[in-house]
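Chemist: Could you have a look at this structure, given as structure tokens, before my questions?
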Amino acid sequence: MLGKQNITEPYFSSMVPLLQVFDMPTSLRFYRDILGFTVYQSSGMGDDVDWVLLRYGTIELMLNTAYEKPFRPDTPDENRNSVHGDTALYFYCAKIDELYVYLSERGMNIQEPSITGYGWKSLVFFDPDGYELCFHYPMG
């Protein structure tokens, strides 16, 4: 019924995605050390933790390990990662060409930005767990 009410003040004001990751140190090297997020809160000290809340400006993202340390397999389950194909995070990014150069200089093997069918310039790549990240900006 929330959608049918005439509400002057919203009941909620933001959303924070939670991604299940295989290896937190690997994910932190990607999101923190390459993309520039900062760790705002964490379930422990250091990088080998089970949960973090990351921030980049006003963007927030939570990461949680898919397996607690005692139960973590030696390698990621490819079947589990394959279902991430229906999950994508979109970031509004006015400096796509600069971001492409920045990421390329840090060793990321990504394709050059392209123009989408809906007229936005976009840079698409995947995080270490197979989640799609799209940085895009309207052309014109």
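Derivation of every value follows stated rules applied to the coordinates shown; laboratory data play no part. Remember, it's a predicted structure, so these values are computed and weren't measured experimentally. No Cβ is skipped: glycine too gets one built from the backbone with ideal geometry, and neighbour counts run over all protein chains shown.
Chemist: For the chain, what relative contact order do you get, as a whole percent, if you take Cα pairs closer than 8 Å and at least 6 residues apart?
Modeler: Taking the mean separation of contacting Cα pairs over the length of the chain, I get 20 percent.
Chemist: Further question: Explain nothing, just compute: Karplus ³J(HN,Hα) = 6.51 cos²θ - 1.76 cosθ + 1.60, θ = phi - 60°, for every residue of region 13-29 in order, whole Hz, x for Gly and Pro.
Modeler: Once θ is set to phi - 60°, the couplings for region 13-29 become 10, 7, 9, 10, x, 10, 10, 7, 10, 7, 10, 4, x, 5, 5, 5, 4 Hz.
Chemist: Apply the Karplus parameterisation 6.51 cos²θ - 1.76 cosθ + 1.60, with θ equal to phi minus 60°, to every residue of region 132-140 and state each ³J(HN,Hα) to the nearest whole Hz, in sequence, with x for glycine and proline.
Modeler: Karplus values, whole Hz, x for Gly and Pro: 7, 10, 10, 9, 9, 7, x, 7, x.
Chemist: Under a 5 Å amide H to amide H cut-off, with H placed in plane at 1.01 Å, what residues pair with L54 once short-range neighbours are removed?
Modeler: Here Y40, L61, M62, L63 satisfy the definition.
Chemist: Quick one: what are the phi-derived ³J(HN,Hα) couplings along region 90-104, Karplus 6.51/-1.76/1.60 with θ = phi - 60°, whole Hz, x for glycine and proline?
Modeler: 10, 10, 6, 9, 7, 10, 5, 4, 5, 5, 4, 4, 4, 5, 4
Chemist: Continuing with the same structure: Roughly how big is region 1-92's charge dipole about its Cα centre, with Cβ charges of +1 (Lys, Arg) and -1 (Asp, Glu), in debye to the nearest 20?
Modeler: With only Lys, Arg, Asp and Glu charged at Cβ, the dipole is about 280 debye.
Chemist: Per 10 Å bin, what is the whole-percent P(r) computed from every C-alpha pair distance within region 14-69?
Modeler: Answer for region 14-69: a P(r) of 27, 61, 12, 0 percent.
Chemist: Shifting gears a bit: Name the GluC sites (Glu not before Pro) in region 41-140 that are in a loop by DSSP and that have at most 15 other C-beta atoms within 10 Å, would you?
Modeler: When the GluC sites (Glu not before Pro) of region 41-140 are filtered for loop state and at most 15 Cβ neighbours within 10 Å, E68 remain.
Chemist: Right, here's the next one. Which value, in Å³ per residue, describes the convex hull spanned by the Cα atoms of region 1-114?
Modeler: Considering the Cα atoms of region 1-114, their hull volume per residue is 193 Å³.
Chemist: Of M139, Y100, P113, which is farthest towards the positive pole of region 87-140's charge dipole, taken about the Cα centre with +1 and -1 on the beta-carbons of Lys, Arg and Asp, Glu respectively?
Modeler: Selected residue: M139.
Chemist: Once the principal axes of the Cα atoms of region 87-140 are found, what is the range along each, listed largest first in whole angstroms?
Modeler: Principal-axis extents of region 87-140 (Cα, largest first): 31, 26, 15 Å.
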